[in-house]
Every structure is written in structure tokens, then in C-alpha cells.
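Structure record follows, encoded as C-alpha cells.
The values are calculated or read from the model by the stated rules, or taken from the named source; none is laboratory data. All figures in this text were calculated on a predicted structure; none of them were measured in a lab. When we count neighbours, we look across all protein chains shown, and the Cβ atoms used for this are built from the backbone with ideal geometry, even at glycine.
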Amino acid sequence: MYEIWNQATKSEVAGTIFVSVLIVINFVVLIACQHTASRLTWAFARDNALVFSSKLGHIHSKLEVPVWALLVNALVVCLLGFIYLGSALTFNAFIGTSLILQQVSFAIPALLLMIQRRSSTFLKPDRFVKLGVFGWFANGITVAYGCLTLVFYCFPAYPPVTGSTMSE
């Protein structure tokens, strides 16, 4: 990345500044992602939807954060890092599968809603936001994008395609 900035700006100082800014941004984003993941884990545990919910659903009295949820999320990230160190192919397949499943999990409810003609049984008439015709458009885009990603996320990342790199 540093070399790209050096070549783009033709200045080592500018390249250093840009890379430093990227490092700071990545650090802030990492903290935000860890915070969000721990809060989601805490919310699931609070509703008894996870194993060890009594521990994961606990908020530390002095720190006022879900410490156990934070630690478990950090452990999961470390384990994923170990998978990457062991086999980049396995890691990429794991990540690709999670992306596919995420997109499909968005598309299926939108498709079912469209099949039911956005019935008032499923969309309450007294809801806060009513999209009208734009709701059909949004659901259609969601389904189309889900189908598109279902196909394209299964393609190999780079040629040449061999048996060992097919899912990479």
C-alpha cells in the first residue's frame, strides 16, 4: 500500500501520511466492529439465544460493557486468524460461504414478502415506515442482488482455476 501511495503522489512524505491515516482509520474501524459484535452477542445472550447466555449476557458493573461477550468475540477473531494461517483456501471458503448465506438470508424474506403480495398480514398497516411502491422496488432489488451474489461469490477469485484453488 505504501508503494502505491508513493507512486501515486511521487512523494515519500505523502505516502507515509496516507498510510498512517489508513492505519488510524483501520484501528478505529476495528474497535467499532469489535464493539458492535460484542453488543450483538450480548443481545443474543440476553434473550437466551446462545450457549453460556448467563455469562455472555452479563454487563460488567463498573465498566458497563459486556466483557465476556467482548472476550468471546476476540477469541473467535483469533481462531479465524489461525484458520487463515493454516490455509488461506479454507479461510476464503469460510468467508465466501458466510457472505453467500448472509445475502440469501436477506433475499428469502424479501422474496416471501413479494410472493405474499406484501400482505397486511406480514406488513402491519400501522407500521412507522410505509414505502408503498418503493417497497416492491426495494424487495425486488434485494432478491435480484441475492441471486446475483449467490452466483458470483461461487466463482474462483483468480485464474488459473485448479482443483485446489476452485473455492478460493
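So which of 137, 82, 128 ends up being within 29 Å of residue 32 (Cα to Cα) and either not in a helix (DSSP H, G or I) or not assigned by TED's automatic domain parsing to the domain that holds residue 33 (or both)?
The match here is 128.
How many residues are touching a helix residue (DSSP H, G or I) at 6+ places or on another chain (Cβ under 7 Å) and either loosely packed, with under 10 Cβ neighbours inside 10 Å or within 30 Å of residue 87 (Cβ to Cβ) (or both) if we restrict to region 107-140?
Of the residues in region 107-140, 1 are touching a helix residue (DSSP H, G or I) at 6+ places or on another chain (Cβ under 7 Å) and either loosely packed, with under 10 Cβ neighbours inside 10 Å or within 30 Å of residue 87 (Cβ to Cβ) (or both).
Scan 72, 76 and give me the residue that is within 30 Å of residue 149 (Cβ to Cβ), touching a Lys or Arg at 6+ places or on another chain (Cβ under 9 Å) and either outside the structural domain of residue 146 (by TED's automatic domain parsing) or modelled with pLDDT under 90 (or both).
72 is the lone residue from the list that is within 30 Å of residue 149 (Cβ to Cβ), touching a Lys or Arg at 6+ places or on another chain (Cβ under 9 Å) and either outside the structural domain of residue 146 (by TED's automatic domain parsing) or modelled with pLDDT under 90 (or both).
Scanning for something aromatic (Phe, Trp, Tyr), at pLDDT 95 or above and assigned to a helix (DSSP H, G or I), does region 146-166 turn up at least one residue?
No - not one qualifying residue is present in region 146-166.
Would you check if residue 54 is small (Gly, Ala, Ser), surrounded by fewer than 11 Cβ atoms within 10 Å (Cβ to Cβ) and assigned by TED's automatic domain parsing to the domain that holds residue 73?
Spelling it out, residue 54 is indeed small (Gly, Ala, Ser), surrounded by fewer than 11 Cβ atoms within 10 Å (Cβ to Cβ) and assigned by TED's automatic domain parsing to the domain that holds residue 73.
Restricting the search to region 78-107, which residues are touching a residue at least 24 places away in the same chain (Cβ under 8 Å) and either among the aliphatic types (A, V, I, L, M) or over 30 Å from residue 142 (Cα atoms) (or both)?
Hits for region 78-107 are 88, 89, 93, 99, 100, 104, 107.
Read through the list (1) loosely packed, with under 14 Cβ neighbours inside 10 Å; (2) of a type in the set (Val, Ile, Thr); (3) in a helix (DSSP H, G or I), then give the number of the only condition that residue 143 fails.
Residue 143 satisfies all of (1) loosely packed, with under 14 Cβ neighbours inside 10 Å; (2) of a type in the set (Val, Ile, Thr); (3) in a helix (DSSP H, G or I) except (1).
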